[in-house]
Amino acid sequence: MSVVPKEAIEVIAQSIGITNLSPDVALALAPDVEYRVREIMQEAIKCMRHSRRTTLTTEDVDSALKLRHVEPIYGFASGDHLRFKRAAGHKDLFFIDNKDVEFKDVVDAPLPKPPLDVSVSAHWLAIEGIQPAIPENAPVEALAASSDGKRTESKEDGLSIDIKLPIKHVLSRELQLYFDKVTELTANRPGFTIFREVLISLATDSGLHPLVPYFIYFIADKVTQNMNNFPLLFALMRLARSLLQNPSIHIEPYLHQLMPSVVTCLVAKRLGNRVSDNHWELRNFAANLIASICKRFGHVYHNLQSRVTRTLLHAFLDPTKALPQQYGAIQGLAALGPSVVRLLVLPNLEPYMQLLEPEMLLEKQKDKMKRHEAWRVYGALLCASGQCMHDKLKKFRSIFLPPSRATLKSNGKIATVKTNKRKASADNSMQQPPFKKIATDGSMGGMAINSMQLQTDMQGGFSTGIVASQGVISSMSRSLTNESLPTRELGGQMTKKSSVLAQAWKEDMDAGHLLASLFEIFGESVFSFTPKPELALFL
């Protein structure tokens, strides 16, 4: 039995002008009409579901009719829901309440706004954690959310709507507890074993990236407020180093907030308020930390090292700065590498030492603490200059070391010759050229120079000996460039060494002059940074 009664078929037939429809035909058409209606409604429900909606609209019915190649129904394109009214005297009869509209009102009504074309545009939600103030983003006042995270607004028609405000940052309960525990241990128990375990966790755990801005803000805030608390400052720098060591943390966007704290612990005027506080160690730690940051992120931020170097150079050359500040600047420049020391520290070394020497003498500086600080700065300058000189001289190590065995090829056979097979006599050694002496006797030439140096030292100074050694070195370099050595006498290895030595001597800075100038400033202390083979050559 069909759901559609035959009376409905007769009413529809009469509405289209068929008045003589027999009851048997109407009864036969009823099941077919029901089947067609169900088919159309099923297609309409499919269109609704593909549109990700749960309410069936007239547009879905029109789409279903188009899929079945049936002309759609016109006049039902309104977005509002259809309102049905019950017919008076009939319980199950409803009709659509159509209002009578005056044609004049329709003509005089203003035109609606044209619909906007569909377009796609891109904008920045946030740049390095900061939301730009553009029309596409939520306004700044919307960020001041209420306790429930919602805000109520009223439209012009009086309807109230709830706006869900954006959430700035959400941390899980576990991360919040972790952050609170780490900050508590950093502030209260930095010397305990559990704090070292915390540092290991910060350097290895892979799920700590959401806490990075909070740790950076914690470090910056505590460094600013606790300049007199030396244990806390050292703990904060160790905390920063652990964060930098973690390979799973993307810390680059927060370097501009971290660098001021590290530089402060390097060149601050006073760190701690007790005499027993070893602020020198903290400055050394901060210098190494800055060097590691520049080495790791220098390729990302090309002006990072230049800005840090400019800051440290200003602290080093400013005479109004305290000696601990200048010590931190020297340590920072030395940690950046020998090239920085050679370009920035060594050219200013002599005038700076003229200002530092009075602070080191008991006759001119009565304050014991000031003298101690001056000697600390002197030691930092000595180490920085010595490391720079050692870096310059270490390339000669493979040149001046005598070979243990020399091999010669002749007539397709390999002959092994011992270097000390025949000792050169004094007369023969005097007649041989200087480079031949080095080739045959190995360290003998160096010993001769050392003996001359010691005699000069007993006579009253090192400067004459150094000048004499420089004359020997210059004559050697000229001989290496002007004379050609017989391959049969010296071997192919000596010829190779001669070319390498001649090339090394053409560099922009003469190692002998550098050693002489540093010896005039620091005395014999600079020799501890010079390898023995090179020291034997230059003395």
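Being closer than 25 Å to Met389 by Cβ, without any contact (Cβ under 8 Å) to a residue 60 or more places away in the chain and not small (Gly, Ala, Ser) is a condition met by no residue of segment 267-277. If you check Arg274 against the conditions, is it open to solvent by 30 Å² or more (accessible area, probe 1.4 Å), closer than 24 Å to Ser528 by Cβ, out of contact with any strand residue (DSSP E or B) (no Cβ under 7 Å at 6 or more places or on another chain) and of a type in the set (Lys, Arg)? When the stated conditions are applied, Arg274 does not pass them. Candidates are the residues of segment 110-132 that are modelled with pLDDT of 80 or more and either hydroxyl-bearing (Ser, Thr, Tyr) or touching a helix residue (DSSP H, G or I) at 6+ places or on another chain (Cβ under 8 Å) (or both); the one that is nearest to Val212 (Cα to Cα) is Ser121. When Phe215, Phe179, Phe234 are checked against the criterion of being surrounded by fewer than 20 Cβ atoms within 10 Å (Cβ to Cβ) and at negative phi, Phe179 stands alone in meeting it.
Here Gln331 qualifies as at pLDDT 90 or above and assigned by the TED database to the domain that holds Ala384. Summed over segment 226-246, the residues that are farther than 15 Å from Pro190 by Cα and modelled with pLDDT of 90 or more give a count of 4. Among the residues here, Leu346 does not qualify as more than 30 Å from Pro253 (Cβ to Cβ), open to solvent by 50 Å² or more (accessible area, probe 1.4 Å) and more than 18 Å from the chain's Cα centre (by Cα).
The residues listed here are Asp60, Asp97; of these, the one that is without any contact (Cβ under 8 Å) to a residue 60 or more places away in the chain, open to solvent by less than 80 Å² (accessible area, probe 1.4 Å), touching a helix residue (DSSP H, G or I) at 6+ places or on another chain (Cβ under 9 Å) and farther than 30 Å from His256 by Cβ is Asp60. With respect to the conditions (1) among the aliphatic types (A, V, I, L, M); (2) open to solvent by less than 10 Å² (accessible area, probe 1.4 Å); (3) in a loop (DSSP other than H, G, I, E, B), Ala287 falls short on a single one, namely (3). Of all residues in segment 290-309, which are open to solvent by 90 Å² or more (accessible area, probe 1.4 Å) and either more than 12 Å from the chain's Cα centre (by Cα) or within 17 Å of Phe230 (Cα to Cα) (or both)? Matches in segment 290-309: Arg307 only.
The values are calculated or read from the model by the stated rules, or taken from the named source; none is laboratory data. The structure displayed is predicted, hence computed values, not measured ones. With ideal geometry, Cβ positions are generated from the backbone for all residues, glycine too; neighbour counts draw on all protein chains shown. Ligands, DNA and RNA are stripped out before the accessible areas are found, and what is left, the full protein with its side chains, is counted by its heavy atoms. Shrake-Rupley method; radii C 1.70, N 1.55, O 1.52, S 1.80 Å.
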